[in-house]
Amino acid sequence: MIPLHDNNPTSRFAWATLLIIAVNVVVFLLWEPTFGSQGQQQVFFFCHAEIPWEVSHQTNLAHGGRPAAVEIREQLQINGAAAEQFLLQRCPDKSWWESVFVAMFLHEGWLHIGGNMLFLWVFGNNVEDRLGVLGYLLLYFAAGIAATALQLAIGPSSVIPNLGASGAIAGVLGAYLVLFPKARVLTLIFFFFITVLELPAAWVLGAWFVLQLFSGIGSLGSQVNGGVAYFAHVGGFALGVIAAVTIFRRYRRPPQYRGGIPTPPRPDFR
């Protein structure tokens with residue numbers, strides 16, 4: 001299912017959402033070697049993206065010594081010592097903690113960034129409208145950190161770079177589910193046929209979360225050298241739901257009176 005548009009109007013333009021999208025696009029087009037070779041892209045990701053082993057050991061692979069070399073050899077099937085020397089030449093000063101935030105703005109390819117930015121625009125503008133810019137940005141980055149934390153807990157020794165805005169965006173989706181459960185979303189559906197239907201947000205986002213959860217569980221028993229970080233999606237989504245139910249609970253329903261003038265209920269609460 002691909003969401004195209006929701007029927008949930010906003011009272012102000014989503015500047016923060018637009019800014020996040022713009023930063024992601026600029027990074028993808030002007031900083032990442034998007035138009036370079038696959039080898040250049042992989043080196044870039046190792047030098048800038050978040051790598052679970054680096055976070056759990058609080059050092060980068062280039063300075064990881066024998067433990068890092070062993071994991072590189074076992075997981076990537078390459079000479080670990082040679083890889084460390086290569087990284088020492090290319091990015092010796094990589095900061096493991098900065099990479100957690102940098103990774104939120106990196107994407108592997110056109111479909112990756114296109115899908116992420118579509119989801120962010122469809123659902124992010126309403127969440128920003130309800131929480132305000134500051135609350136929205138706090139939710140976004142907190143969800144990104146929660147996504148990293150859960151993925152790290154699942155595979156703390158992985159030397160595969162983790163990157164993408166999906167975890168942070170999943171937090172926005174979780175908050176949307178709580179704040180606007182009755183909103184309807186125009187959705188492109190691929191299931192033996194292609195059609196467009198207007199579905200309740202609870203169905204669209206609930207189905208998305210279940211898919212991520214079961215895909216993550218299914219990937220636990222397999223050894224893969226890269227792929228989708230499903231548990232990052234689960235962690236971000238869960239943070240969004242919890243934050244909307246607790247910290248942002250007063251935003252779940254808009255005030256009915258402002259300055260003594262009755263305010264009609266928003267469409268998602270009818």
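Below, the figures for the structure above:
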item: Only Lys, Arg (+1) and Asp, Glu (-1) charged, at Cβ; the stretch 38-183 dipole about Cα centre in debye; result: 140
item: Value of relative contact order over the stretch 1-128, rounded to a whole percent, pairs C-alpha under 8 Å and six or more apart; result: 41
item: Percent of Cα-Cα distances greater than 27 Å, calculated over the stretch 49-188; result: 32
item: Tensor-based shape of the stretch 136-205 (alpha-carbon gyration tensor, a/c under 1.5 rounded, otherwise prolate or oblate); result: oblate
item: Packing-based exposure ordering (other Cβ within 10 Å, fewest first) of 184, 73, 90; result: 90, 73, 184
item: Length-normalised contact order of the chain in % [C-alpha pairs under 8 Å, at least 6 apart]; result: 25
item: Positive-end residue of 220, 82, 123, charge dipole of the chain with Cβ unit charges; result: 123
item: Residue order, fewest to most surrounding Cβ atoms within 10 angstrom, among 17, 10, 34; result: 10, 34, 17
item: Along principal axes, Cα extents of the chain, largest first, whole Å; result: 69, 46, 33
item: Hz values of 3J(HN,Hα) by residue in the stretch 40-54 - Karplus curve (6.51, -1.76, 1.60), Gly and Pro given as x; result: 5, 5, 5, 4, 4, 5, 5, 8, 10, 7, 6, 10, x, 4, 5
item: Hz values of 3J(HN,Hα) by residue in the stretch 172-189 - Karplus curve (6.51, -1.76, 1.60), Gly and Pro given as x; result: 5, 5, x, 5, 4, 4, 6, 6, 9, x, 9, 5, 10, 10, 6, 10, 8, 10
item: Shape of the stretch 42-103, Cα gyration tensor, a/c cut at 1.5; result: prolate
item: Shape of the stretch 169-212, Cα gyration tensor, a/c cut at 1.5; result: oblate
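Just so you know, all these numbers are worked out from the coordinates, no wet-lab data involved. Just so you know, these numbers come straight off a predicted model, no measurement behind them. Ideal geometry is used to build each Cβ from the backbone, glycine not excepted, and the neighbour counts take in all protein chains shown.
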